[in-house]
Amino acid sequence: MSASNVVAPSSTNQSGKPPVRAGIKKNRRQQSRWALYLIIPTLILLAVVIGYPVVTAIVMSFQKDAGLDPATGLFVQGGFAGFQNYAHWLFQQCMGTDGTTIACPPGNLGSTFWNAVFVTFFFTVTTVILETVLGLWFALIMNRAFRGRGFVRAAILVPWAIPTAVTAKLWFFIFSVAGIANAILGAHILWTSDEWASRFAVIIADTWKTTPFMALLILAGLQLIPEDVYEAAKMDGASTLQRFWRVTMPLLKPALMVAILFRVLDALRIYDLPAILTGGGGGTGHATTTLSILVIDQIRQGFNSAAALSTITFIIIFLVAFIFVRILGTNVVRTQEAQQKGAKE
Amino acid sequence: MTAVAGPAAATAEANALPRTQTKRKGSSRRRNAGVRTGVQAVVIVLWCLLPFYWMVVTSFRDVGYTFDTTPWFTHFTWDNYATAFSTNLGNHLGQALLNSLIIGVCVTVVSLVFGIFASYALARLDFRFKGIVLGIILAASMFPGVALITPLFQLFTSIGWMGTYQALIIPQISFALPLTVYTLSSFFREMPWDLEEAARIDGCTQAQAFRKIILPLAAPAVFTTAILAFISSWNEFLISSQLSSDATQPVTVAIASFTGSQPHQEPYTAVMAAGTIVTVPLIILVLIFQRRIVAGLTAGGVKG
C-alpha cells in the first residue's frame, strides 16, 4: 500500500507487470526525446507564468521602494536596499526621519507581520485538525454499505462546488448579528468583528467548505484497504475499536499524510475567506489578517516591500512542505514516480 | 431548525429503513449498527446541505424579512434575482458571469492544449528526470498565488494591461496547468493502451488507431479534467480581485463587492440570490458528472 495509491486510486491494476508499449518498440533514448518535445511547452509556459514572477519578486525585494527621502524631502527612486525590506517585516525596522533604521511605529503594516504569521498558522493548525477528524468520520461512514450512500456522496460535493467567495458571503449572512447563527444560539456574538469570534467564524466556514474534499481523499484511501484484512482481524477477535486503530489507521496512514500535506499547504495561503468574511481584519483590524492578506494590503503602499513579504510567505510555505516531507516521510514525488513506472513500492 | 431537519431526515430515514427491514432476520446488534450508520449519514447530509439551503431560502425571501428565521420558504419573491442583475446600483452581475465564462474557457483551453501532451509523456513514456518534472508540476500546483501578484501587479501596470482579460487569464494558468497535467496524467495511466496496438495489428493505421480507439477512450478523461480546470478558474478570487476592472471582473469579485441601495447596509437577500445564480450551474454540473469528478479530484489530489 503506497501513498501514491491515494493519488490514483485504481492504478493498482497496472502494478506488477510492466505496461505493454504500443506501436513500434521505442528504446529509452527515443522515448526520452519524444517526452522532451511533449513536456517542454508545458515547462516553458510554467516558467513564464510562475518562474518569471517569482524571480522578479526576489529581485524587487532587494530594491528600495520609491518615496520621499526623509533627509531631503525630495522624491527619490528606490535603489539597492539589501535586506532592508526583509528586516522591515522580520524585525519591524522602519526608516526614521534621519535616514537611520528605527523600530516601526504602531499602525505600520510592518508591525503586524508576526501577528499575521500567528493568525496564518493558527488557522492552518485548527482547520486541518478539524477537517482531518471530520473528514475521517465522513469517509468511514461513506465507506459502509447502506441505502442512500449515493445521496450522501452527492450531498458532500455541494460545499466543495460552491466558490469560496460565495461561501464567505453565505457565512457572512449566517454570522450577521441578527443572523441565523445567533438566533439558534440565542446569543449576540459579533461574529465578524469580535477578535476571537471572527477567527472562529473563519475556521467554521473553512471547515464546512473543505471537509468534503478531505473526506473524498480519505475515502479513496479507505477503499484501497482489502476487505479480507478486516475479516482476518475479526477472526482473531479484534474489537471494532481495535480494528480501527490497528488495521484501518496504519493502512490509511500514507493516504492520510498526503491528504494532510495538501491541505496544510493550501491552508497556509488562505486569503478569500478571511478577506471577504471579516473584511480582511476582523475585531482589532488584524484579528484575521493572514500573510496573504498582508501582502495584498502592502501592494499599494510599496511594491518592493510587498515583494519581500510575498517571498517570505513563499519561503515559509516551502519550509513547511520540506519539514513535512522530511519528518513524516511523505515523499509525494517519489511515490508518484514509482507509480508512474507502474512499480509497486 | 428541527423543521428543516424534518424532510431531509425523513428521506434519509426512508433510505435507512429498508436496510433495517432486510436485516430483520439478523442479530439486533447488526440492526442497531445500521440505524447508527443511517443517523450519522443524516447528520453529514444536513451539515453539508443546510447552509446552502439557507442561501436558497433567503434568496427567495422579501428583503423586508431578511432576518426571518422561519426554516422554510416564506414571503416568497423573485425580486432579489432582479436586484442581483440590476445595474442601477453599480453592480454588473450579468457582465461578471460572462467574464467568468470567457476567462474560464480561455484558461481551460490553454491548459488542455499544453497539458495533454505533457500528460501523455508522463503517463506513457519512460524517460530520465521524470521524477523532477513531476516534482516541478506538483510544486507548481501548491504555489501560493500571493507570491505572483506583486510582480504581476507592477508589470501589468507598466505595460497597461491592468483590468484586461489577458491580465486575468495568464496568472490563472499557473494553477490550472499543473492541475490539468496532474489529473490528466493519472487518468491516462489507467487507460487500456494495449487496445491501440491491437487495432494496429488488426490493420488500422496509426492515425486510425488514434482517432477510433484512443480519442474516444481519452475523451471522458479530458472532459473531466476540463471541468475541474474550469471550476478552479471560476472560483478564483485573489488574483482577479487585484488585477480586474469593473468591466472585466469575474463573478467572485462581483459578489464580494456587491453594493446595495443603502450605504453600510449589506444587501443580504440580493447577495444570496447572486450566490445561488453562481453556484447552481456548478452544482448541477458536479452532480451530473459526480463519479468522474470524484475520480478526477482524488486522482489529482489537488483542490480544484
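Quick note: the coordinates plus some simple rules give every number you see, no bench work behind them. Every value quoted in this text rests on a predicted model; they were computed, and no experiment measured them. Every residue, glycine as well, gets a Cβ built from its backbone with ideal geometry; the counts of neighbours run over all protein chains shown.
General remarks:
- Sequence-separation-based contact order of chain B, relative, with Cα cut under 8 Å and 6+ spacing, percent: 26
- Residue-count net charge about B:T276 - beta-carbon cut-off 14 Å; Lys, Arg +1, Asp, Glu -1: +1
- Shielding of B:112-121 by partner chains, average beta-carbon count, 10 Å: 5
- Within-13-Å neighbourhood charge of A:L140 [Cβ basis; K, R +1; D, E -1]: +4
- Span from the the stretch B:55-94 Cα centroid across to the the stretch A:182-253 one, whole angstrom: 35
- In chain B, a dipole from Cβ-located charges (positive for Lys and Arg, negative for Asp and Glu) runs towards its positive end, and of B:I149, B:F258, B:F188 it is B:F188 whose Cα lies farthest in that direction.
- Proximal aspartates and glutamates relative to A:K253, as straight alpha-carbon distance under 18 Å, when same-chain residues fewer than 8 apart are discounted: A:E131, A:E227, A:E345
- Neighbours of B:P267 by Cβ distance under 12 Å: Lys/Arg scored +1, Asp/Glu scored -1, total -1.
- Ordering B:I137, B:I214, A:I323 from the fewest to the most neighbouring beta carbons within 10 Å gives A:I323, B:I214, B:I137.
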